[in-house]
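The values are calculated or read from the model by the stated rules, or taken from the named source; none is laboratory data. Keep in mind the model is a prediction, meaning the values are calculated, not measured. Glycine also receives a Cβ, built like all others from the backbone with ideal geometry; neighbour counts cover every protein chain displayed. These accessible areas exclude ligands, DNA and RNA; they are computed on the full protein's heavy atoms, side chains included. Shrake-Rupley method; radii C 1.70, N 1.55, O 1.52, S 1.80 Å.
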Amino acid sequence: MFSDLQMMTTSDARKRVQLLLRVARMYYQDHMLQSQIATATGYSRPSVSRMLKEAQERGLVRISIENPLERLEDLESRLIRQFNLRCARVSEPPQGCTGYDVVPRSAASLLVEQTRPDSLITVSNGNAVAYTVREVPLRNWAKSKVVQMIGSLSPTNPMTDSPEICRMLAQRLGGSYSTLPVPMILSSTPVAEAMRKERQIADTLTLGGHADAAVVGVGSVKEGRSGHIFKDYENAAFIKEVTELKAVGHICGHHIDAQGRHIRTSLCERTISIEFERLKRIPLVIGVAWGPQKVASILACLRAGLISALATDRDTAEGILELDQRQRNAAKKLHKPRAEQKPGRADPT
């Protein structure tokens, strides 16, 4: 605000302030040249220059430079430090847009930046992965290979399925691909065990487990329901089971708790997917997920090291860090020795 209030008390001082404001508005708001301002006001160009300087010195004009990336880069750095990530990409959707408009593009850029023309890449399923693959820039990586890490969804599921995602990414990169010709969840454990022994399925799962990079989505569990991927396999008993086991999400067909530990459900033995522990050994696992409903599940994946890179939006990144801090504070309070705890108010009786 105006810094010399005493000079506002005289008529001459007020006229001077009004002149400075007029000149400043012409220059900063109307984008007039100093020579144009000089003509309009009747002052010389050097006088206009001195008035603009005076306006700044007296606090009538404040110039600030805003870096729209600064806040996002700070969130990325905090995520990397907190969860020992290889990299992170946080996006902010423009007004009227959603994470679908920005996060997949960032994830696609991250994938291409972090892989090579001869990389072996494995992919899961879900909308976030499908949208990411569509944003991958065209390459001529003839030696690259894309493999499917999880079986196909139910035929009635409208989501873009793993085989199509696998083919799309290979086409974008200009390389080859290998799919899994088997459902994600089979009718029984014996059938699933037999399918895992089939050479093409066994070779593809093994290949995916040795990938250089993976692109995966992160699913959430809300009131026992696991989202679109499991929609055709859920019944009342499974919903109750998942609830009792305190699952917060799932990744590559595997349900997890709040610490990212694998929860073995009744579907596990019937599921065709990369092994849970093998996923952790892939050098780069890019998790693509956003939205308030996924904060807890993404945090669980980060804590367990299931993903080594994250592409998300600003609100989700802030939500993850806030939830992690709240839970850490709660854990510290819970385990604080009784002697160190602050005594309550004395009983007046």
(message) Contact list please: Cβ distance under 7 Å, first residue in region 99-120 and assigned to a helix (DSSP H, G or I), second residue among the hydroxyl-bearing types (Ser, Thr, Tyr) and open to solvent by 20 Å² or more (accessible area, probe 1.4 Å), pairs at least six apart or on different chains.
(response) 100/131; 104/131
(request) Output the residues belonging to region 231-259 that are out of contact with any Lys or Arg (no Cβ under 9 Å at 6 or more places or on another chain), crowded, with 20+ Cβ neighbours inside 10 Å and over 27 Å from residue 110 (Cβ atoms). (result) 247
(message) Suppose we keep only residues that are under 14 Å from residue 183 (Cα atoms) and not charged (D, E, K, R) within region 161-172. Which one would you say is most open to solvent (accessible area, probe 1.4 Å)?
(response) 163
(request) Select from region 173-185 the residues that are touching a residue at least 60 places away in the same chain (Cβ under 8 Å), open to solvent by less than 30 Å² (accessible area, probe 1.4 Å) and either closer than 16 Å to residue 233 by Cα or in contact with a Lys or Arg (Cβ under 8 Å, 6 or more places away or on another chain) (or both) and list them in ascending order. (result) 182, 184, 185
(request) Have a look at 62, 78, 71 and point out the one that is surrounded by 12 or more Cβ atoms within 10 Å (Cβ to Cβ) and modelled with pLDDT under 90. (result) 71
(request) Could you tell me whether any residue of region 66-79 is polar (S, T, N, Q) and within 15 Å of the chain's Cα centre (by Cα)? (result) yes
(request) Would you check if residue 140 is in a loop (DSSP other than H, G, I, E, B), of a type outside the set (Lys, Arg) and modelled with pLDDT under 95? (result) no
(request) Name the helices (runs of 4 or more DSSP H) wholly inside region 186-290 in which the number of residues that are more than 27 Å from residue 311 (Cβ to Cβ) and in contact (Cβ under 8 Å) with a residue 40 or more places away in the chain is 3 or more. (result) 189-196
